[in-house]
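Structure, as structure tokens:
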Amino acid sequence: MTPSTQQSEVILSINPANGQVAGQVEKNSERQVERAIDLANQAHIEGTWRKMLPHERAATMRRIAAYLLEDKERLALLQMRENGKPILECLRIVDNAANAWVYYAAVLETLETEVTPPRGNYLSHTILEPFGIVAAITPWNSPLMIESYKIAPALAAGNCVLLKPSEETPQTSLELLKFAKLAGLPDHTLQVIQGTGAEVGPKLINDDRVQMITFTGGTATGRTIAKAAAERLVPCTLELGGKSPQIVFADADLDLAVDGVVKGICGAAGQSCTAGSRLLIESRIYDDFLGKLKYEMSLVRVGAPHLETTQMGPLASFKHRDRVAALVDLAREEGATVELGGFSPQGELSSGAYYAPTLLTGLSNNSRTWNEEIFGPVLCVRSFDDIEDLMRDANCGSYGLAAGIWTREFQKAWDVGRAIDAGTIWINTYEQSSLSTPFGGFKQSGIGREKAAQCLRTYSQIKSFYWGMNT
Ligand code: TXE
């Protein structure tokens, strides 16, 4: 039996590397959620946080970053035990989380609004106002980082935030809350709501006092949230799934490309929205490239996440491992040939939620597994003869998050990059990520953009002022 994460009044976090309990947090009742919204509302009305000057808010945010970095090793271990990511990746996640606080502190201190050209005897200009209460709903794949990417700009803009972390990884959010308090964030400006999406989600997304929703997670939940936001006419940003193509042309640096393709699907055990989970190889190098890829993927060191030599840990939960395995079974039914993997490793890894790096060929471009997000270390491969072929297979399906293009011809990279329906294009690199570059999806991969300076404006509303000059 796979361990369950749910009990009545607490949420247990289960370490996916060994099935043992990694910790527990208290669940919030509907009444407690209501109370949290009341308190956030009061905090917004009183306005202690939003009325602080930008450089004062920025100083608080920098203190949060400092606390995160001071406790980096412990936080990395906490996250590792909750979602099984290798320790080196967890350490980077703490760095990324801290960077988000420092970055948005800097954006806040340097943010400028406009004096607009007058068309009469007045002075007109804009200022930015917070929405009030922002609900931030987050997933389990990189909790501390994704939570910081949302909360830092939302708080910088002067909002109060209700953070609902995933029930699979509830603990790191409480650390963020603790550091925010220590850093001097006024009471109830940030609160954490614990519970499953079904239990606490509806109250949070349907309450009229919640004036904006920011979400990262699956497309089905994203659609539920967008409907709730539409009903109340409040803005939402959605960062959803992907089925991103990696495209390898015959003229590419093939060693570089193989490395990028392997890291693109095995990094985070494929549980990244930008995982390069479908591969298109130009047909004249297909056999050669597939052979190299199979070899390199077979060398990926799957193992216990606390070992620095581990390249790929377990999946984040037993439930999710079972979902990935079921999708690979579906691929088999859809006619896939399993070139590599397709099983849960046994032996010393059998007590964890592990799944082997998996390579599937022979899927048609209208099969479910070519088009649906598997969110595991499972790469679906097809070949292409010409650009028309390529674009059909790369753009099919409902997602449009990212793509990788491997070629030495800049013109070809540019033309294909422009023709791909995706929010991020990587050329001769993959999953390069910068806080200062916008991130988000085309099609059903999302609405809105995260990261970058403009994200602070996403959590703000523009107010225009006219000052008459006739008195
Ligand atoms: O996601 P959910 P799940 C994809 C990936 C994965 C699939 C399902 O393909 O296999 O989604 O994962 C909260 N109202 N991604 O089930 O349900 C929930 O409690 C309000 C891609 O874990 O979207 C959690 O906090 N909130 C992805 C958050 O939504 C609700 C990362 C995400 O859970 C809710 C994760 C409701 N009705 C999964 N229902 C990415 N883009 O990186 C659920 N939640």
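The values are calculated or read from the model by the stated rules, or taken from the named source; none is laboratory data. Small disclaimer: the values here were computed from a predicted structure and weren't measured. When we count neighbours, we look across all protein chains shown, and the Cβ atoms used for this are built from the backbone with ideal geometry, even at glycine.
Here are the numbers for this structure:
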item: Residue satisfying condition, being crowded, with 20+ Cβ neighbours inside 10 Å and in a loop (DSSP other than H, G, I, E, B), within set Gly267, Gly276; result: Gly276
item: Strands (runs of 3 or more DSSP E) contained in the stretch 400-471 and holding at least 3 residues touching a residue at least 24 places away in the same chain (Cβ under 8 Å) and touching a Ser or Thr at 6+ places or on another chain (Cβ under 8 Å); result: 402-406, 460-468
item: Some residue of the stretch 321-344 being within 23 Å of the chain's Cα centre (by Cα), surrounded by 16 or more Cβ atoms within 10 Å (Cβ to Cβ) and under 24 Å from Ala76 (Cβ atoms); result: yes
item: Residue match in the stretch 381-389 (condition: in a loop (DSSP other than H, G, I, E, B), charged (D, E, K, R) and either surrounded by 23 or more Cβ atoms within 10 Å (Cβ to Cβ) or within 16 Å of the ligand (Cβ to nearest atom) (or both)); result: no
item: The stretch 355-380: number of residues that are farther than 19 Å from Ser283 by Cα, assigned to a loop (DSSP other than H, G, I, E, B) and not hydrophobic (A, V, I, L, M, F, W, C); result: 8
item: Within the stretch 207-260, tally of residues that are more than 16 Å from the ligand (Cβ to nearest atom) and hydroxyl-bearing (Ser, Thr, Tyr); result: 0
item: Restricting the stretch 423-441 to residues that are within 14 Å of the ligand (Cβ to nearest atom) and closer than 21 Å to Cys396 by Cβ, the residue that is surrounded by the most Cβ atoms within 10 Å (Cβ to Cβ); result: Gly441
item: Test: residue in the stretch 17-31 that is crowded, with 20+ Cβ neighbours inside 10 Å and among the charged types (D, E, K, R); result: yes
item: Any hit, the stretch 442-464, residues being modelled with pLDDT of 95 or more and farther than 29 Å from Met212 by Cβ; result: no
item: Within the stretch 171-206, considering residues that are of a type in the set (S, T, N, Q) and within 16 Å of the ligand (Cβ to nearest atom), the one surrounded by the most Cβ atoms within 10 Å (Cβ to Cβ); result: Thr172
item: Selection within the stretch 346-380 - under 24 Å from Cys273 (Cα atoms), away from the ligand (no atom under 16 Å from the Cβ), in contact (Cβ under 8 Å) with a residue 40 or more places away in the chain and not aromatic (Phe, Trp, Tyr); result: Gly352, Ala356, Pro357, Leu359, Thr361
item: Hits in the stretch 101-119 - residues which are closer than 19 Å to Ala180 by Cα and among the β-branched types (Val, Ile, Thr); result: Val102, Val107
item: Residue among Glu89, Glu112, Glu167 that alone is charged (D, E, K, R), surrounded by fewer than 24 Cβ atoms within 10 Å (Cβ to Cβ), in a loop (DSSP other than H, G, I, E, B) and within 16 Å of the ligand (Cβ to nearest atom); result: Glu167
item: Near pairs, Cβ below 6 angstrom, 6+ apart or cross-chain, from the stretch 180-201 (free of Cβ contacts under 8 Å to residues at least 60 places away in the same chain) to any residue that is within 16 Å of the ligand (Cβ to nearest atom) and among the polar types (S, T, N, Q); result: Val192/Ser173
item: Candidate set from the stretch 73-95 (those that are of a type in the set (D, E, K, R) and within 20 Å of the chain's Cα centre (by Cα)); member that is farthest from His320 (Cα to Cα); result: Asp95
item: Boolean, Gly241 is buried (at least 22 other Cβ atoms within 10 Å of the Cβ) and within 26 Å of Glu409 (Cβ to Cβ); result: no
item: Filtered residues of the stretch 286-317 (kept if assigned to a helix (DSSP H, G or I) and either outside the structural domain of Ala250 (by TED's automatic domain parsing) or touching a helix residue (DSSP H, G or I) at 6+ places or on another chain (Cβ under 7 Å) (or both)); result: Phe289, Lys292, Leu293, Glu296, Met297
item: Unmet requirement for Gly264, which otherwise passes all of (1) within 10 Å of the ligand (Cβ to nearest atom); (2) in contact (Cβ under 8 Å) with a residue 12 or more places away in the chain; (3) of a type outside the set (D, E, K, R); result: (1)
